[in-house]
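Reviewing the structure listed below.
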Amino acid sequence: MNDTKTNGVISRRALLGGTAALGVAGASKMTLAESNPDNLPPNVSEWTPYLGAGVDANPYGMPSEYENHVVRRNVEWLTASTESSVNFTPLQDLEGFVTPNGLCFERHHGGVPEVIPSDYRLMINGLVDRELIFTLEDLKRFPQTNKFYFLECAANGGMEWRGAQLNGCQFTFGMVHNVQYTGVKLSDLVRETGLKPNAKWMLAEGGDSAGMNRSVPIEKVLDDCMIAWAMNGEALRPEQGYPARLVVPGWEGNMWVKWIRRLEFGDMPYMAREETSKYTDLMSDGKARMFTWVMDAKSVVTSPSPEKPILQKGVHQLRGLAWSGRGKITRVDVSIDGGKNWKTAELHGPIMEKCLTRFTMPFEWNGEELLVQSRAIDETGYVQPTIQELQNVRGLSSVYHNNSIATWLVNKSGKVDNVRLG
Amino acid sequence: MLDLVKYVSYATIGMALSVSVSQASERVFNLGALATPEEVAGWDIDVRPDGLGAPVGSGNAYDGEEVYLDRCAACHGDFGEGVDAWPVLAGGAGTLDSHDPVKTTGSYWPYASTMYDYIYRAMPFGEAQSLSHDETYQVVAYLLYMNDIIDDEYEVSHENIGSIEMPNQNGFVLPDPRPDVQITDANPCMSNCMVPTQIIGKARDIGVTPEGE
C-alpha cells in the first residue's frame with residue numbers, strides 16, 4: 001500500500017487503496033479530517049452569523065451528524081438470523097466509563113419484543129411462602145438502588161480463541177457495556193414472597209420469543225442481584241429489556257435476563273439450554289465446564305486500535321478500558337513492544353467494583369512499528385493472562401471466557417492490525 | 001435417577017459471598033398481588049432434569065417425524081444436519097475431544113428435559129409456545145431417535161422425561177476451577193520479559209471483517 005502523504009496528512013486514497021483488502025470497520029474515518037479555510041481564523045465560521053435550531057427541533061436529542069459513524073455494528077456471517085444474533089459496542093469511539101444507552105451492544109435470541117408496560121407483570125413462584133405478581137409500578141415502590149455495572153457477554157472475543165480473526169476493537173471486545181442501573185434489590189423483592197429453606201436456586205425467565213431462562217444460585221441472588229427498570233437515568237431501552245431486566249453484577253451477560261417475566265425458586269438448578277448446550281466450556285479432553293459465571297479481569301486498548309490508526313507523528317494519548325467481575329481494577333500495565341516491557345497506565349476514577357475503568361497513557365510515536373498490549377490486574381491479585389496461558393489450560397475448543405491480552409500492530413504508516421503473537 | 005443436589009453444594013463452595021440471611025430489621029411492604037394457581041400454571045413452563053414441571057403428555061419418534069418435517073426441518077434439515085448456519089441437531093458422537101467438536105442434542109446435551117423445556121418455550125423459531133405438549137414430546141422423541149438414543153416406538157412422556165439417559169450426561173465438570181491460569185500474584189514481569197513477539201497471524205489476512213460505513 002502506498003503511504004503517500006500530502007501536507008502531513010495521510011490521504012484517503014492512500015489508506016483506502018486496497019479497499020476490500022483493508023478489512024477495517026469504519027475505514028473511511030481513518031484520515032485526519034480536511035478543513036475548510038473559510039471557517040478558520042481569521043474568517044467568521046459559517047455557523048456563527050445565523051440562528052441555529054430552536055428548542056422544539058429535537059425533543060429527544062441525538063448525536064451530531066458528524067458522529068454518525070459511531071454506531072453498533074454486527075457481523076453478518078456470525079449467525080443465521082439477525083433476531084438471534086449480536087452487535088457490538090463501538091468502544092474505540094467512547095470516552096470515560098459510561099456507555100451511552102443507544103450504543104450498548106445487543107444480544108437477543110428471539111428479537112426485541114414490544115412489551116406494553118401497563119401489561120407488564122413479574123411473577124415469583126416456586127419455593128416461596130407466597131406466590132406473587134408485581135406490576136411495574138409495584139416494583140418502583142420498593143426502596144431503590146442505583147449502581148454502575150459492566151455487562152459482558154461470555155462470548156466476547158470468542159472468535160479469537162484460535163487466532164486473530166476480526167480486525168477491529170469493536171468486533172473483538174465490543175460485547176461489553178457499562179451503565180448505571182436503577183432498580184430493586186432481589187433481596188428486598190423476595191422478602192415479600194418469603195423463601196422456603198430449601199430454595200437454593202432461582203430460575204430467571206424472559207417474556208421474549210426465546211423465553212430466555214437461566215439458573216442463578218441463591219447466594220448470588222441475595223448478594224447483589226437486582227431487577228432494573230432504568231439505565232443511565234432513563235427507562236431501559238427495548239433492546240436492553242424494557243421494561244425490566246435482571247442484573248447479575250460481574251457475571252456473564254446471558255444471565256442478565258431481559259424482559260424478565262418470572263422468577264421461580266427451586267432446590268436444584270434447572271439446566272436450561274443456555275447453561276448446558278451453550279455457555280459451557282469444552283476442554284480438550286472432551287469434558288465441559290459448567291456454571292462458569294464470573295467474568296475474569298480483562299482490558300483493551302481502544303486507541304490506537306484497528307479503527308483508530310495513528311495519523312501523525314508526535315505525542316498521543318493511549319486510551320483503554322479495564323474491568324473485572326471479581327471486584328475493582330487496581331492496575332493496568334501497557335506495553336508497546338509486544339509484552340517485553342511494561343509501564344503502568346493512569347487509572348481514571350471513579351474506580352468501582354464490577355465496572356469499566358478508564359486508563360490512559362501518553363506516548364510518543366515517531367513512525368516505528370509498535371506491538372500494543374494492555375494487562376489488567378484486579379483487587380484479588382489476578383493478572384489478565386496471555387492467550388497462550390489460556391490455551392495451555394483450556395485447549396482450543398472454548399468459545400467463552402476469552403479474557404486474554406490482545407495485540408495491536410501499529411505499522412510504519414500508522415495503520416493498526418489485530419495480530420496474534422507466538 | 002439424577003443426583004442434582006450435589007450442584008447446590010458445588011455452587012456454594014465456588015463462591016465466597018457475604019450473605020445476610022437474617023434481615024429481621026428489613027420490612028415487608030405488602031406489595032404485589034397473590035398469584036392464582038391458573039396464573040402460575042400458564043407461565044410456569046419450565047421442565048427440570050428430574051422431570052419436575054413436565055406437563056402430562058407423550059409422543060414417539062414415529063409420530064414425531066411428521067411434526068419435525070413440518071415445523072423444524074426447514075432450518076434444521078431433514079436429518080438434523082442443519083441448513084446454512086442453523087444448528088445441527090443430530091450426530092457428532094465421539095467428536096467432543098477432537099479439533100472440530102460437533103455439539104448436538106445427541107453428542108452434547110446432558111438432559112432430555114432440556115430439549116422439552118427449550119423446544120416448547122422457544123421453537124419453532126418465531127412461533128414460540130405453539131406446539132402442543134404431545135407434539136413437543138413427539139419432536140423430543142424424534143431427535144432422540146435421530147441420535148440413536150431411543151427406537152421409534154419409545155413413548156417419551158412426563159413420566160420418563162426425567163430419567164432418559166443421555167450419552168453426554170457425565171460430560172460436564174463442576175465446580176468452576178477459575179482462576180485457572182498461573183498468575184504472578186499481581187507482580188508480573190515489567191521489563192525484559194521472555195515472551196513470544198513473533199507475529200504468527202493477522203486478522204486482515206483472514207478477510208472476514210465487515211467493511212466500514
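The values are calculated or read from the model by the stated rules, or taken from the named source; none is laboratory data. On a predicted model such as this, the values are computed, not experimentally measured, just so you know. No Cβ is skipped: glycine too gets one built from the backbone with ideal geometry, and neighbour counts run over all protein chains shown.
Check whether at least one residue in segment A:30-47 is surrounded by fewer than 10 Cβ atoms within 10 Å (Cβ to Cβ), within 14 Å of chain B (Cβ to nearest Cβ) and at pLDDT 95 or above, and report yes or no. Looking through segment A:30-47, none of the residues is surrounded by fewer than 10 Cβ atoms within 10 Å (Cβ to Cβ), within 14 Å of chain B (Cβ to nearest Cβ) and at pLDDT 95 or above. Of all residues in segment A:303-326 being over 19 Å from A:Lys415 (Cα atoms) and within 12 Å of chain B (Cβ to nearest Cβ), which is surrounded by the most Cβ atoms within 10 Å (Cβ to Cβ)? Only one residue tops the list, namely A:Ser324. Taking the criterion of being hydroxyl-bearing (Ser, Thr, Tyr) and under 16 Å from B:Gly51 (Cβ atoms), the residues of segment B:105-137 that qualify are B:Tyr111, B:Ser113, B:Thr114, B:Tyr116, B:Tyr118, B:Tyr120, B:Thr136, B:Tyr137. Considering A:Pro217, A:Pro117, A:Pro143, the condition of being touching a helix residue (DSSP H, G or I) at 6+ places or on another chain (Cβ under 8 Å), buried (at least 19 other Cβ atoms within 10 Å of the Cβ) and either aliphatic (A, V, I, L, M) or assigned by TED's automatic domain parsing to the domain that holds A:Ala272 (or both) is satisfied by A:Pro217 alone.
Of all the criteria given as (1) of a type outside the set (Asp, Glu); (2) at pLDDT below 95; (3) in a loop (DSSP other than H, G, I, E, B), the one not satisfied by A:Trp77 is (3). Residues that are farther than 30 Å from A:Asp223 by Cβ and under 17 Å from the mean Cα position of the chain (by Cα) number at least 1 in the following helices (runs of 4 or more DSSP H) confined to segment B:23-122: B:73-76, B:112-122.
Show me the strands (runs of 3 or more DSSP E) found entirely inside segment A:339-422 where at least 2 residues are on the phi < 0 side of the Ramachandran plot and buried (at least 22 other Cβ atoms within 10 Å of the Cβ).
Details: elements: A:346-348, A:357-365, A:370-378, A:407-410, A:416-421.
Those strands (runs of 3 or more DSSP E) span A:357-365, A:370-378, A:407-410, A:416-421.
Just one of the listed residues (B:Ala41, B:Ala35, B:Ala85) is in contact with a Ser or Thr (Cβ under 7 Å, 6 or more places away or on another chain), over 19 Å from B:Asn168 (Cβ atoms) and within 11 Å of chain A (Cβ to nearest Cβ), and it is B:Ala85.
Filtering segment A:121-152 down to residues that are aromatic (Phe, Trp, Tyr) and within 10 Å of chain B (Cβ to nearest Cβ), which residue is nearest to A:Arg262 (Cα to Cα)? Looking at the filtered set, the residue picked out is A:Phe134.
Matching residues to (1) in contact with an Asp or Glu (Cβ under 9 Å, 6 or more places away or on another chain); (2) among the hydrophobic types (A, V, I, L, M, F, W, C); (3) within 20 Å of A:Thr280 (Cβ to Cβ):
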residue: B:Pro101; (1), (2), (3): no, no, yes
residue: B:Ser107; (1), (2), (3): no, no, yes
residue: B:Tyr118; (1), (2), (3): yes, no, yes
residue: B:Arg121; (1), (2), (3): yes, no, yes
residue: B:Ala128; (1), (2), (3): yes, yes, no
residue: B:Val140; (1), (2), (3): no, yes, no
residue: B:Tyr145; (1), (2), (3): yes, no, no
residue: B:Ile149; (1), (2), (3): yes, yes, yes
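Consider segment B:129-155. How many of its residues are more than 12 Å from chain A (Cβ to nearest Cβ) and over 14 Å from B:Gly64 (Cα atoms)? So the count comes out to 2. Scanning segment A:294-317 for residues that are within 21 Å of A:Ser397 (Cβ to Cβ), part of a loop (DSSP other than H, G, I, E, B) and of a type in the set (D, E, K, R) yields a total of 1. Is it the case that segment A:300-313 has a residue that's in contact (Cβ under 8 Å) with a residue 24 or more places away in the chain, of a type in the set (Gly, Ala, Ser) and closer than 30 Å to B:Glu211 by Cα? Yes, segment A:300-313 contains at least one residue that is in contact (Cβ under 8 Å) with a residue 24 or more places away in the chain, of a type in the set (Gly, Ala, Ser) and closer than 30 Å to B:Glu211 by Cα.
Here is the figure for segment B:124-139: residues that are crowded, with 24+ Cβ neighbours inside 10 Å and either free of Cβ contacts under 8 Å to residues at least 24 places away in the same chain or of a type outside the set (Phe, Trp, Tyr) (or both) total 3.
All told, A:Cys153 meets the bar of being within 14 Å of the chain's Cα centre (by Cα) and surrounded by fewer than 24 Cβ atoms within 10 Å (Cβ to Cβ). For segment A:283-297, the criterion of being under 26 Å from A:Met123 (Cα atoms) and in contact with a Gly (Cβ under 6 Å, 6 or more places away or on another chain) is satisfied by no residue at all.
Of the residues making up segment B:118-175, just one is in contact with a Cys (Cβ under 9 Å, 6 or more places away or on another chain) and over 27 Å from A:Arg262 (Cβ atoms), namely B:Tyr142. Name the one entry in B:Gly126, B:Gly162, B:Gly201 that is more than 27 Å from A:Asn392 (Cα to Cα) and within 7 Å of another protein chain (Cβ to nearest Cβ). Result: B:Gly126 is the single residue among B:Gly126, B:Gly162, B:Gly201 that is more than 27 Å from A:Asn392 (Cα to Cα) and within 7 Å of another protein chain (Cβ to nearest Cβ).
Quick check on segment A:124-131. Is at least one of its residues more than 24 Å from A:Arg214 (Cα to Cα), in the same structural domain as A:Ile260 (by TED's automatic domain parsing), over 27 Å from the mean Cα position of the chain (by Cα) and of a type in the set (Lys, Arg)? Among the residues of segment A:124-131, not one is more than 24 Å from A:Arg214 (Cα to Cα), in the same structural domain as A:Ile260 (by TED's automatic domain parsing), over 27 Å from the mean Cα position of the chain (by Cα) and of a type in the set (Lys, Arg), which makes the answer no. Among the residues of segment A:277-293, those that are under 13 Å from B:Gly171 (Cβ atoms), hydrophobic (A, V, I, L, M, F, W, C) and in a loop (DSSP other than H, G, I, E, B) comprise A:Met283, A:Met290. Of the residues in segment B:165-181, at least one is under 30 Å from A:Thr407 (Cα atoms), surrounded by fewer than 19 Cβ atoms within 10 Å (Cβ to Cβ) and charged (D, E, K, R). Within segment A:262-276, the set of residues being crowded, with 21+ Cβ neighbours inside 10 Å and outside any helix (DSSP H, G or I) comprises A:Arg262, A:Leu263, A:Glu264, A:Phe265, A:Gly266, A:Pro269, A:Tyr270, A:Met271, A:Ala272, A:Thr276.
Anything in segment A:87-120 that is outside any loop (DSSP other than H, G, I, E, B) and away from every other protein chain (no Cβ under 14 Å)? List them, or say none.
Restricting attention to segment A:87-120, the residues satisfying the condition of being outside any loop (DSSP other than H, G, I, E, B) are A:87-88, A:91-93, A:101-103, A:107-108, A:117-119.
Result: A:Leu91, A:Asn101, A:Gly102, A:Leu103, A:Arg107, A:Pro117, A:Ser118.
Here segment A:68-121 is the region considered, the condition is being without any contact (Cβ under 8 Å) to a residue 24 or more places away in the chain and not polar (S, T, N, Q), and the residue that is nearest to B:Met123 (Cα to Cα) is A:Ala80. Note on segment A:191-249: enclosed strands (runs of 3 or more DSSP E) holding 3 or more residues that are within 14 Å of chain B (Cβ to nearest Cβ) are A:201-206, A:213-217.
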